[in-house]
Amino acid sequence: MAEPRIVGDDVPFDDPVEPLIRRLLELVGEDPAREGLQGTPHRVARSLRFLLSGYTQDVDEVVNGACFSVDYEEMVVVKDIEVYSLCEHHLLPFYGRAHVAYLPKGKVLGLSKIARVVDVFARRLQIQERLTTQIANALQDVLGAYGVAVVIDAMHLCMIMRGVQKQHSAAVTSAITGAFRSDEKTRSEFLSLIGRQSLSS
């Protein structure tokens, strides 16, 4: 029987993830039958279905024809897109903001669709470097733009809660294509619009 591809509150109580969570609780020394934990396997399964829902999403379906022919070739920037993802090494969250820009080549994309494309890749097990590149490449493919730029600034709980336990550390990653890579003036304009002097600031 195929695993259900249901996200959110509609996850059935017989979700195959639930017994795995119940067993995990037992292995760490808890009693999954106690009052506070009785609904936890279901809640965790429901949360994971949502947090990893990017695996069941396709960029073309998310864009859903929201590319429009427009005589506009100036930079489009959507900044401060909230990003939440799970580190694939420890299954702990990392979170921050994505800044996305592109130079249209006869087509523009509905602004909300840019945020949705970010979520398609963020809602998977990720590393920040790959996430940044996947967003840039997907938008480049969809738009055929003169260039795409993506910067993500994020904090990783695997560095904050465990390991080196550096409470104020943040990672900045970038991926650039086309004119953003070849033209320093274009790249500088993007960085200025998102409030950065450089990619390392």
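At a glance:
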{"item": "Conditions (1) among the aromatic types (Phe, Trp, Tyr); (2) under 11 Å from the mean Cα position of the chain (by Cα); (3) surrounded by 15 or more Cβ atoms within 10 Å (Cβ to Cβ): number failed by residue 102", "result": "(2)"}
{"item": "Qualifying position, being free of Cβ contacts under 8 Å to residues at least 60 places away in the same chain and in contact with a Leu (Cβ under 6 Å, 6 or more places away or on another chain), among 131, 48, 86, 139", "result": "86"}
{"item": "Criterion violated by residue 80 - all others in (1) in a strand (DSSP E or B); (2) crowded, with 19+ Cβ neighbours inside 10 Å satisfied", "result": "(2)"}
{"item": "Scan of the stretch 128-160 for residues that are more than 15 Å from residue 101 (Cβ to Cβ), among the small types (Gly, Ala, Ser) and under 13 Å from the mean Cα position of the chain (by Cα), ordered by number", "result": "154"}
{"item": "Near pairs, Cβ below 7 angstrom, 6+ apart or cross-chain, from the stretch 98-116 (over 19 Å from residue 191 (Cα atoms)) to any residue that is crowded, with 18+ Cβ neighbours inside 10 Å and of a type in the set (Phe, Trp, Tyr)", "result": "105/146"}
{"item": "In the stretch 142-183, the residues that are of a type in the set (Asp, Glu) and either in a strand (DSSP E or B) or at pLDDT below 95 (or both)", "result": "153"}
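The values are calculated or read from the model by the stated rules, or taken from the named source; none is laboratory data. Here the structure is a predicted model, which is why all the values come from computation and not from measurement. Reconstructed Cβ throughout: ideal geometry from the backbone, glycine too, with neighbour counts over all protein chains shown.
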